[in-house]
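Note sheet for the following structure.
Readers should treat all values here as calculations from the given coordinates under stated rules, not as data from a laboratory. All values reported here derive from a predicted model rather than from experimental measurement. Note: ideal-geometry Cβ built from the backbone for every residue, glycine included; neighbour counts use all protein chains shown.
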Amino acid sequence: MVKISEIHSPESIAKYIDHTLLAADATGTRIKTLCGEAVKFGFAAVCVNPYYVSYCAKLLAGSGVKVCAVIGFPLGALTRDMKAEQAAACVKLGANELDMAANIGAAKSGDWAYVEKDIKAVVDAAGSAAVKVIIEACLLTDEEKIKMCAAAKGAGARFVKTSTGFSISGANANDVKLIRAAVGGDMGVKAAGGIKSFRDAAKMLNAGANRIGTSSGVKIVSEQQIL
């Protein structure tokens, strides 16, 4: 678990950030800026829609910054075969990580076998690329969140992610704590949605997250410099 006491410089929080741009109107120019900022500040990854994966892979080659693509985003309602095809295509284009939206409808229907198979299909298609499962915690009960974490763990995913940032609310510290307790210390926990300040990010890291998804990465590390 990351402790606030360990976050003592811009670099020390930057390495936990997935610098994110998933807007429908994102232009190539904005994506290029995103990648430049990720290299400058040492962010963990850029998180983009599949259309920009190959472009980001070229811009970030040799930099150490990973390319993360979203899969079945934002609703998670594609069939598992569609998600698997999308995952394989994104890896082929240069994605190192995949943030997949879980099937929330199946979860709310109690079809946990399908939920796990859905995740497993993406994990299998991803090969060595890390899969982060977006559970959209704001739409689930605590019991459902725990079951979703179990499905992600059983399917071999590397992370559980709180939110897409496109639903009714984003990350909160209580959900991060619950997810961390559910997955244990071996899986990653990514907090995303509504994280706009250094204090927001530090709170999530202290609650048990070890990755932050945000479009405010530059603001966060810049704020940290003056605290």
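Descriptive notes on the structure:
- Counted residues, the stretch 118-149 - those being surrounded by fewer than 16 Cβ atoms within 10 Å (Cβ to Cβ) and of a type in the set (D, E, K, R): 3
- Checklist (1) surrounded by fewer than 21 Cβ atoms within 10 Å (Cβ to Cβ); (2) part of a helix (DSSP H, G or I); (3) out of contact with any Pro (no Cβ under 8 Å at 6 or more places or on another chain) applied to Ser222, failing item: (3)
- Looking only at residues in the stretch 84-125 that are touching an Asp or Glu at 6+ places or on another chain (Cβ under 8 Å) and part of a helix (DSSP H, G or I), the one that is farthest from Pro50 (Cα to Cα) is Lys108.
- Residue tally, condition crowded, with 19+ Cβ neighbours inside 10 Å and out of contact with any strand residue (DSSP E or B) (no Cβ under 8 Å at 6 or more places or on another chain), over the stretch 183-199: 1
- Residue count for the stretch 196-211, restricted to those that are farther than 18 Å from Glu97 by Cβ and outside any helix (DSSP H, G or I): 3
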